[in-house]
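Step one of this worksheet: look at the structure below.
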Amino acid sequence: MYFKYGIRQPNMRANSTLKLAAMKNVFTLTWIFIFLFSCSEKKHVADPRVLMDADLAFSDYSVKHGFQKAFVEFAHDSVVILKDKHMPQVGKQNLIRSYEGKSDSAVSLTWKPAKAIIAESGDLGYTFGFWTFVAKGDTSHGTYLTIWKMDASRQWKYIADTGNEGLGNQK
């Protein structure tokens, strides 16, 4: 410090060195923040209509080939099926075994999703909607929930499925 005109003056050289050091710190921190935030990947969340389309394709396959083949074709390897008054059925191979020796040629199961949600991760989602089952002239209606997972080949496969009756029979 020195005195000029009787007023105490700060050491300008020391002051400018401190300012330069502070500016370097701000500059460095700014670049660190830019680097950190520019490196964070913003994942594009898939449009839920993609999952609605997968669910509709699943239903269409059921109409064309029978619901048993559809449930096998669209199943993830680690699928879980929840049915009323049954233990959970776990795994695609167990699902296939459960259909052995059973025919679904005299029945029709169709459904229509009402809504689809896809997680931010983009590899998990669910659909829910309404189903119609026709057998021997009787028609049943109900609701369902299907959880979907993207498999290794980036195809949507259902990993869990459940439904219930309750909407009454309609003619």
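Looking only at strands (runs of 3 or more DSSP E) that lie completely in segment 98-152, which have at least 3 residues being at pLDDT below 95 and of a type in the set (K, R)?
On the way: elements: 107-118, 124-135, 138-150.
Correct list: empty, since no element meets the threshold.
Got at least one residue in segment 126-140 being in contact with a helix residue (DSSP H, G or I) (Cβ under 6 Å, 6 or more places away or on another chain) and at negative phi? Show your work before the answer.
Just the residues of segment 126-140 that are in contact with a helix residue (DSSP H, G or I) (Cβ under 6 Å, 6 or more places away or on another chain), to begin with: 127.
Subset that is at negative phi: 127.
Looking for residues that are in contact with a helix residue (DSSP H, G or I) (Cβ under 6 Å, 6 or more places away or on another chain) and at negative phi, one finds at least one in segment 126-140, hence yes.
Within segment 81-109, how many residues turn out to be polar (S, T, N, Q) and surrounded by 15 or more Cβ atoms within 10 Å (Cβ to Cβ)?
3
Report every pair of residues separated by at least 6 positions or lying on different chains whose Cβ atoms are under 7 Å apart, first residue within segment 57-86 and without any contact (Cβ under 8 Å) to a residue 40 or more places away in the chain, second loosely packed, with under 14 Cβ neighbours inside 10 Å and assigned to a helix (DSSP H, G or I).
Listed pairs, sorted by first residue: Y61/E73; V72/I96.
For segment 50-66, check the following and say yes or no: at least one residue is surrounded by 14 or more Cβ atoms within 10 Å (Cβ to Cβ), touching a Leu at 6+ places or on another chain (Cβ under 7 Å), aromatic (F, W, Y) and within 13 Å of D161 (Cβ to Cβ).
Checking segment 50-66: not a single residue is surrounded by 14 or more Cβ atoms within 10 Å (Cβ to Cβ), touching a Leu at 6+ places or on another chain (Cβ under 7 Å), aromatic (F, W, Y) and within 13 Å of D161 (Cβ to Cβ).
Take A119 and decide whether it is more than 18 Å from K69 (Cα to Cα), more than 8 Å from the chain's Cα centre (by Cα), hydrophobic (A, V, I, L, M, F, W, C) and assigned by TED's automatic domain parsing to the domain that holds A70.
Spelling it out, it is not the case that A119 is more than 18 Å from K69 (Cα to Cα), more than 8 Å from the chain's Cα centre (by Cα), hydrophobic (A, V, I, L, M, F, W, C) and assigned by TED's automatic domain parsing to the domain that holds A70.
Has segment 128-141 got at least one residue that is of a type in the set (S, T, Y) and surrounded by 17 or more Cβ atoms within 10 Å (Cβ to Cβ)?
Within segment 128-141, not a single residue is of a type in the set (S, T, Y) and surrounded by 17 or more Cβ atoms within 10 Å (Cβ to Cβ).
The values are calculated or read from the model by the stated rules, or taken from the named source; none is laboratory data. The structure displayed is predicted, hence computed values, not measured ones. Using ideal geometry, Cβ is built from the backbone for each residue, glycine included, and neighbour counts are taken over all protein chains shown.
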